[in-house]
1. Which peptide among 27-36, 64-73, 92-101, 157-166 comes first, and what is the full order, when sorted by highest mean count of other Cβ atoms within 10 Å?
2. What's the FRET efficiency of ASP100 with SER60 using the Cβ-Cβ distance as r and R₀ = 30 Å, to the nearest 0.05?
3. Please report how far the C-alpha centroid of region 69-129 lies from that of region 18-41, rounded to the nearest whole angstrom.
4. Quick one: if you stick a label point 7 Å off each Cα along the C-beta vector at TYR48 and ASP117, how many nm between them?
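Readers should treat all values here as calculations from the given coordinates under stated rules, not as data from a laboratory. Predicted model only: the values in this text are computed from it and were never measured. FYI the Cβ positions are ideal-geometry reconstructions off the backbone, even for glycines, and counts take in every protein chain you see.
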Amino acid sequence: MNVLLGVAANAAFAAPPAGTPIGNQATATYLDATATSRTVSSNLVTTYVQQVASFTLVSSQTLPAAPGTQAVFPHVITNTGNGPASLTLALVNLPGDDFDLSGLAIYADADGNGVADNATPLTNTGMIAAGGTFRFVVVGNVPGVQVGGQFAQMRITAASTFDALQTAFNTDRVNVSGNAVIAMTKSINQPSGASPSGPRRNTV
């Protein structure tokens, strides 16, 4: 008996969404004793893609600030996993610098303009769709007694609630300046689009 065995399989170049079914079935073609070609198939085996947690957090920054003012650091989390995910957020002052920032807090910044959307502190991103982003700002107050040349550091840590092993952190640094410091934020009403779409409006 001559047997030809073929297995159908799906090739994937990128992780499919969590819960996607993938079917596999084997077929065999052979000649029986009368030289008649016959084909038989195995049972269909269906497997489902498991969710894999993955994300990025950007980025560590250094900004100047005058004594008695507030430093604001914008950050972006991107869900690079294959399913929806939420992350916990934690913020701490780091040792080894000249002073600690007071009033450390995290606020949502949905439009990414570098300004907190409201006065509600966050400890969780809420659910982020696969491929989606979450924008927020980290704020800390520089005590009025600090002098130029001093610095403080704080760390923002994000951790997946689906897979606690998936964590990332950024370190933000404030350099105290003895000169006047002007904070300016800029936003655009539409960050992307096909040419010649528009117009665009920049707000400073």
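1. Top to bottom by mean Cβ count within 10 Å: 64-73, 157-166, 92-101, 27-36.
2. For ASP100 and SER60, the calculated efficiency is 0.95.
3. The two parts, judged by their Cα centres, are 54 Å apart.
4. So the two model labels end up 3.1 nm from each other.
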